[in-house]
Amino acid sequence: AAPYRAALALLERGERIVLVKRLATGEAGVMDSACAWAHGRVEGADPAMAAQALTSGHPVLAEAEGLFFDPVLPREKLLILGGGHVGRALAALAPGLGFLVTVGDDRPEFVAPDRYPPGVALLCGPFASIAERFAFDPSTFVVIVTRSHLCDLECVRAVLGRPYRYAGFMGSSRKTRLVMGQVASEGFDPRKVEALCAPIGLEIGAETPEELAVAIAGELIAVRRDPTWIQARIPARKARRGTP
């Protein structure tokens, strides 16, 4: 049927969607990640119900209206730029959380297959080249954990012009201010610069690579479950960086 073909096409592009069905008649439509109609239209369907389904990842039944909101979520891609201790620890953790993981580094020894679980894709080369080769989509998560300020800057520049749902990088307050100030001065979209999650990860006092991976994974889950999380946390991230 046409609604399901439309849904499949959206999923292949990495979109998060909601199938809306009227139980009495079988009438169906597709809402996109912004809870706008992408195909068809079912009268009386409340976008707030669709948003609830997307946020929770679980179907919602509107009994009074006889409508069923069924979220269909693509398996999110996670691109980890930097195969050092933290990147390796996150790559070991993230597949169990449902992410399709790719690790990229410009040093061949840091993307050797024996460093990672089966199923983790590996890319080697300059970071800008890795970004060109990777298939970004609107559901992509990007974690930048390279070895230096200059590598972080290269990665952020390469990523900002591409579609993604989440991007963040690790570093001290000073380093994150420097990187974000530099890309802001180069004319990148100020909204995308402001929405970068830096310093990356939840504030749980993490110190070891494994603990830092858990803090980062927690942030990824928060963004997955709450579409407003990134924007809501902008003031707190500015405070962590010491940015006015």
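The values are calculated or read from the model by the stated rules, or taken from the named source; none is laboratory data. Bear in mind that the values here come from a model prediction, so they are computed numbers and not experimental data. As a convention, Cβ positions derive from the backbone with ideal geometry for all residues, glycine included, and neighbour counts pool all protein chains shown.
The single condition among (1) surrounded by 14 or more Cβ atoms within 10 Å (Cβ to Cβ); (2) more than 22 Å from residue 75 (Cα to Cα) that residue 191 does not meet is (1).
Checked against the criteria, residue 43 does not count as among the acidic types (Asp, Glu) and either at pLDDT below 85 or within 30 Å of residue 129 (Cβ to Cβ) (or both). Those residues that are touching a Pro at 6+ places or on another chain (Cβ under 8 Å) and surrounded by fewer than 20 Cβ atoms within 10 Å (Cβ to Cβ), I need them from region 111-129; list them, please. Selection gives 117, 119, 122, 124.
In region 127-146, of all residues being charged (D, E, K, R) and at pLDDT 95 or above, the one that is farthest from residue 174 (Cα to Cα) corresponds to 133.
If the condition is being of a type outside the set (A, V, I, L, M, F, W, C) and in a strand (DSSP E or B), then region 1-46 contributes 21, 22, 29, 39.
Condition check for residue 132 on (1) within 25 Å of residue 192 (Cα to Cα); (2) surrounded by 21 or more Cβ atoms within 10 Å (Cβ to Cβ): one failure, at (2). Of all the listed residues (36, 64, 53), the sole one being free of Cβ contacts under 8 Å to residues at least 24 places away in the same chain, over 20 Å from residue 2 (Cβ atoms) and either out of contact with any Leu (no Cβ under 8 Å at 6 or more places or on another chain) or not assigned by TED's automatic domain parsing to the domain that holds residue 217 (or both) is 64.
From the residues in region 1-31 that are among the small types (Gly, Ala, Ser) and within 16 Å of residue 50 (Cβ to Cβ), which one is surrounded by the most Cβ atoms within 10 Å (Cβ to Cβ)?
Narrowing region 1-31 to residues among the small types (Gly, Ala, Ser): 1-2, 6-7, 9, 14, 24, 26, 28-29.
Now drop any that are not within 16 Å of residue 50 (Cβ to Cβ), which leaves 6-7, 28-29.
Numbers: 6: 19, 7: 24, 28: 20, 29: 21.
Result: 7.
Look at residue 44 and say whether it is surrounded by fewer than 18 Cβ atoms within 10 Å (Cβ to Cβ) and within 19 Å of the chain's Cα centre (by Cα). It is false that residue 44 is surrounded by fewer than 18 Cβ atoms within 10 Å (Cβ to Cβ) and within 19 Å of the chain's Cα centre (by Cα).
Taking the stated definitions as given, is residue 97 touching a residue at least 60 places away in the same chain (Cβ under 8 Å), within 17 Å of the chain's Cα centre (by Cα) and surrounded by fewer than 18 Cβ atoms within 10 Å (Cβ to Cβ)?
The answer is yes for residue 97.
When region 159-206 is filtered for residues that are among the hydrophobic types (A, V, I, L, M, F, W, C) and over 16 Å from the mean Cα position of the chain (by Cα), the ones remaining, listed by number, are 178, 179, 180, 183, 184, 188, 204, 206.
Listed by first and then second residue, the pairs with beta-carbon distance under 7 Å, at least 6 apart or on different chains, first residue in region 222-242 and more than 16 Å from residue 73 (Cβ to Cβ), second surrounded by 11 or more Cβ atoms within 10 Å (Cβ to Cβ) and among the polar types (S, T, N, Q), are 240/173; 241/173; 241/176; 242/173.
Restricting attention to region 174-183, the residues that are out of contact with any Ser or Thr (no Cβ under 9 Å at 6 or more places or on another chain) and either under 18 Å from residue 230 (Cα atoms) or of a type in the set (D, E, K, R) (or both) add up to 2. Just one of (1) in a helix (DSSP H, G or I); (2) over 10 Å from residue 79 (Cβ atoms) fails for residue 130. It is (2).
Note on region 68-94: residues that are surrounded by 24 or more Cβ atoms within 10 Å (Cβ to Cβ) and β-branched (Val, Ile, Thr) amount to 2.
Set side by side, the residues 167, 184 differ, and just one is of a type in the set (A, V, I, L, M) and in a strand (DSSP E or B), which is 167.
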